[in-house]
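Asks: Questions regarding the structure given below will be posed in turn.
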Amino acid sequence: MRFSIQCLISVCITIIACSAPDKYSKETEQFNNYLKQQFDTGLAVDSTQYVLVPSNACIGCMKGTIDLAIAEAAKKNVIFIISQKALLKEQSNLKQSSCAMVDKENKLDKLSYHKGNIGLVKTYKGKIYHITDVSAQDMIPFLSSLQKN
């Protein structure tokens, strides 16, 4: 009898855990739509980190991230999305590359994934599993961590 109750509890917990809604389902749909509209592509299927550089990011953070995007063009799991206004502020000559995409319509600035600075969106199997913003104080460790990937 005791074994049956424990099995029943285990089955109930498993069913509840498996049926829980995806924490970032709304953000996944919104970000996927943004990528399709701006770049004619959806979320990457492989594990990918999207580094978001809006035009209202701090100037030092913006410069460091854009410089890293230029230097790290061969990275496969990091994609930089940079607002056109951000490039104009920095007067950067960054071109479309395999890891850097320029949002020419600056719609990135309207997304809420960066809270006024650099944003990081982590995806796996075409779904977002983590979103964070990077403050000016955290920029150097953040850029270093991207270089190690």
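The values are calculated or read from the model by the stated rules, or taken from the named source; none is laboratory data. Just so you know, these numbers come straight off a predicted model, no measurement behind them. FYI the Cβ positions are ideal-geometry reconstructions off the backbone, even for glycines, and counts take in every protein chain you see.
Asks: Among the residues of the range 56-73, what is the count of those that are part of a helix (DSSP H, G or I) and either among the polar types (S, T, N, Q) or surrounded by 13 or more Cβ atoms within 10 Å (Cβ to Cβ) (or both)?
Replies: Within the range 56-73, the first condition is being part of a helix (DSSP H, G or I), and the residues that meet it are 59-71.
Restricting the remaining residues to those that are either among the polar types (S, T, N, Q) or surrounded by 13 or more Cβ atoms within 10 Å (Cβ to Cβ) (or both) gives 61-70.
Count: 10.
Asks: Using beta carbons and a limit of 7 Å, which pairs, at least six apart or on different chains, have the first residue in the range 54-77 and closer than 15 Å to PRO141 by Cα and the second one in a loop (DSSP other than H, G, I, E, B) and modelled with pLDDT of 75 or more?
Replies: CYS61/ASN117
Asks: Residues in the range 28-47 that are more than 13 Å from LYS104 (Cα to Cα) and crowded, with 17+ Cβ neighbours inside 10 Å: how many?
Replies: 5
Asks: When both residues are 6+ apart or on different chains and their Cβ atoms are under 6 Å apart, which pairs have a first residue that lies in the range 88-110 and is among the aromatic types (Phe, Trp, Tyr) and modelled with pLDDT of 65 or more, and a second that is outside any helix (DSSP H, G or I) and surrounded by fewer than 18 Cβ atoms within 10 Å (Cβ to Cβ)?
Replies: Qualifying pairs under 6 Å: none.
Asks: Among the residues in the range 48-55, are any closer than 20 Å to ASP109 by Cβ, surrounded by fewer than 21 Cβ atoms within 10 Å (Cβ to Cβ) and either modelled with pLDDT under 85 or among the hydroxyl-bearing types (Ser, Thr, Tyr) (or both)?
Replies: Yes, some residue in the range 48-55 is closer than 20 Å to ASP109 by Cβ, surrounded by fewer than 21 Cβ atoms within 10 Å (Cβ to Cβ) and either modelled with pLDDT under 85 or among the hydroxyl-bearing types (Ser, Thr, Tyr) (or both).
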